[in-house]
Amino acid sequence: MPAHSKTAKPGTQIAVIGIDIGKNVFHLIGLDQRGAIVLKAKLSRSQLESRLANMPPCLIGMEACAGSHHLSRRLIALGHDARLMPAKYVKAFLKGHKNDYRDAEATAEAVQRPTMRFVATKTEEQLDLQALHRVRARLVGERTATVNEIRAFLLERGIAVAQGIQRLRRALPDVLAKSADGTLLPRMIRIVEALAADWRRLDERVEEVSTEIETLARKEAPCQRLMTVPGIGPVISSATVATIGTGDMFAKGRDFGAWLGIVPKQLSTGGRTILGKISKRGNTYLRTLFVQAARVVLIRRESWERYGLKSWIEAAARRLHPNKLAIALANKLARIAWAVLHYGRNFEVSHDYAPQPA
């Protein structure tokens, strides 16, 4: 047993365990039914599973972080009730200065709260799909940075290209072909050509990853159901499934919209309700995708009637700025997406029901 450890006395029932997760070292705090500390241990990764495998099933709390989903799945397989929590919600239970044992104790305290919000344990398939989306997001970011660098270099030489990646793609060959008049020096031409080559390679990688995501999305039943929702295609459907699974972590669609951060931020006090800009909480990547989906739906006016959204959009458009309308529609699409996942049914329009204005 490592130094500074405390072992539970024989016959003592450990009810709750808090684990502070590290790369190679884990700190454990065990509480009995009365909340007294009866276990205090520092274990290596190899020791952790064998130690917990020999314990009776109990409630185990951990912060949601890198490696936590894998450990949660292993502990659930051992019969424990493992739960993950956002780190910001655990912080409120920390007493005194921060150290690993106090972090574990705060985790053990937080996991017992009946109002605590938990993070659903992701499956290996969800994590693989999430990894693909993160790789794609990084590649798209690198491509955008490369395009902006080319545009800035050309602007410094007096060559202004209209905004938009496709406009620059069409204009660049002509810009380089006409550079013989001395607008660009040979060195700058080589730099821009090298950047254009990087751009092409990034295009190929983005297309490769996007194709893999689309192939996986069309094979998965939850993704197929999500793609029946207006504006949602393979990328958004797969990102949603990778993030929330079947949506069981939310009691209703409104909770999912609030988690995405596409609801007004409240600053209420004294019985006075003050609503501000959207809160922008939760998953930024997924929120961005749903807003893009809403903008696509707004552009395709011919689809409003087919999806039963015409009266709702027209009523909302009379009183909302186009940007606010996009956010409101994104919230509506997110709530529909949650219902599709939670109830396992395709999105269908009831012709007997006339949508009411928001």
Original post:
With the contact rule set at Cα under 8 Å and sequence spacing of 6 or more, what percent relative contact order holds for segment 174-324?
Top reply: 14
Subject >> Along the chain, longest interval not containing exposed trypsin sites (Lys or Arg not before Pro), exposed being DSSP loop plus at most 16 other Cβ atoms within 10 Å >> reply: 158-251
Subject >> Solvent-accessible heavy-atom area per residue, rounded to whole Å², over the chain at 1.4 Å >> reply: 58
Subject >> DSSP bridge orientation in the chain - percent antiparallel, rounded to nearest 5 >> reply: 65
Subject >> GNM flexibility winner over the chain from Ser44, Ser268, Ser68 (Cα, springs under 10 Å) >> reply: Ser268
Original post:
Based solely on its DSSP helices, what 222 nm [θ] is calculated for the chain when runs of n ≥ 4 H residues each add -39,500 (n - 2.57) and the sum is averaged over all residues, nearest 500 deg cm²/dmol?
Top reply: -16500 deg cm²/dmol
Subject >> Solvent-accessible area, 1.4 Å probe, carbon plus sulfur percent, for the chain >> reply: 52
Subject >> Rounded tilt (10° steps) of 234-244 against the dominant C-alpha axis of the chain >> reply: 20
Original post:
Pairing the Cα long axis of helix 100-110 with the longest principal axis of the chain, what angle in degrees results, from 0 to 90 and rounded to the nearest 10?
Top reply: 90
**OP:** Please list, or write none, the lysines whose alpha carbon is within less than 30 Å of the alpha carbon of Lys310, excluding same-chain residues fewer than 8 places away.
**Re:** Lys252, Lys265, Lys277, Lys280, Lys324, Lys332
**OP:** Could you work out how far helix 124-156 tilts from the main Cα principal axis of the chain, as a 0 to 90 degree angle to the nearest 10?
**Re:** 40
Subject >> Point-to-point label distance, Ile191-Arg306, nm (Cα→Cβ direction, 7 Å offset) >> reply: 4.8
Subject >> Fully extended contour minus Cα-Cα distance, from Ile274 to Asp81, at 0.36 nm per residue >> reply: 65.5 nm
**OP:** Along Cα→Cβ, 7 Å out, is where each label goes; now give me the distance between the ones at Lys91 and Arg345 in nm to one decimal.
**Re:** 4.2
Original post:
So which GluC sites (Glu not before Pro) in segment 267-328 end up in coil per DSSP with only 14 or fewer other C-beta atoms within 10 Å?
Top reply: Glu305
Subject >> FRET efficiency estimate (nearest 0.05) - Cβ-Cβ, Arg34 to Ser210, R0 51 angstrom >> reply: 0.40
**OP:** Please work out the FRET efficiency for the pair Ala317 and Asn54, using the Cβ-Cβ distance as r and a Förster radius of 56 Å; give the result to the nearest 0.05.
**Re:** 0.35
Original post:
Say R0 is 30 Å: what FRET efficiency, to the nearest 0.05, do Leu176 and Ala131 get from their beta-carbon distance?
Top reply: 0.25
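The values are calculated or read from the model by the stated rules, or taken from the named source; none is laboratory data. Treat the numbers as computed from the prediction; the structure is a model and nothing was measured. Reconstructed Cβ throughout: ideal geometry from the backbone, glycine too, with neighbour counts over all protein chains shown. Note: areas computed on protein heavy atoms with side chains; ligands, DNA, RNA excluded. Shrake-Rupley method; radii C 1.70, N 1.55, O 1.52, S 1.80 Å.
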